[in-house]
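Notes for the one structure printed next.
The values are calculated or read from the model by the stated rules, or taken from the named source; none is laboratory data. Keep in mind that this is a model prediction, so the values were computed, not measured. Note: ideal-geometry Cβ built from the backbone for every residue, glycine included; neighbour counts use all protein chains shown.
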Amino acid sequence: MVNNYTFSRLGRSRTWVCSKIKRGCQAKVKMEYGTVRPYNLDHNHPPPNFHISKDGHTGGQILVVKGFTFSRWSRSKSWVCSKKSRGCPAKVKFEFDTVVPYNLEHNHEPPNFYVSKEGHLIKI
């Protein structure tokens, strides 16, 4: 995820294309030695409001909203910031495919990660 846009890896190359390539978006980035290098960040659409992915380590679901990651709170519809254990108060609710913000105020910067071809979040 770069600037709140999602990307998918193009084959086995270092090039990642915008997830909306089938809708005509030509935005691309390159991954070099764990660093994202902008190639073309001109999108023909706004960034997605949210993205649900699998954690690359645990396989559990992760919700990404505005570049921040959230994990499900028990079996409820509430999702808490992934840094809750470090005191972050941010929390959202997910209802009918819509994110309902409770508190989007974080006390930290968003994490750096990318979405693998398999749909897993990988921390950089």
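Tabulated results
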read-out	value
Search result, residues across the range 22-45 that are farther than 22 Å from Lys66 by Cβ and outside any strand (DSSP E or B)	Lys22, Gly24, Gln26, Tyr33, Gly34
Top-ranked residue in the range 11-21 [being touching a residue at least 12 places away in the same chain (Cβ under 8 Å) and in a loop (DSSP other than H, G, I, E, B); ranked as farthest from Val64 (Cα to Cα)]	Arg14
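Results for (1) modelled with pLDDT of 80 or more; (2) within 30 Å of Arg12 (Cα to Cα); (3) in a strand (DSSP E or B), shown as yes or no for each residue.
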site	(1), (2), (3)
Ser76	no, no, no
Ser85	yes, no, no
Pro89	yes, no, no
Val92	yes, no, yes
Val100	no, no, yes
Asn107	yes, no, no
Pro111	yes, yes, no
Lys117	no, yes, no
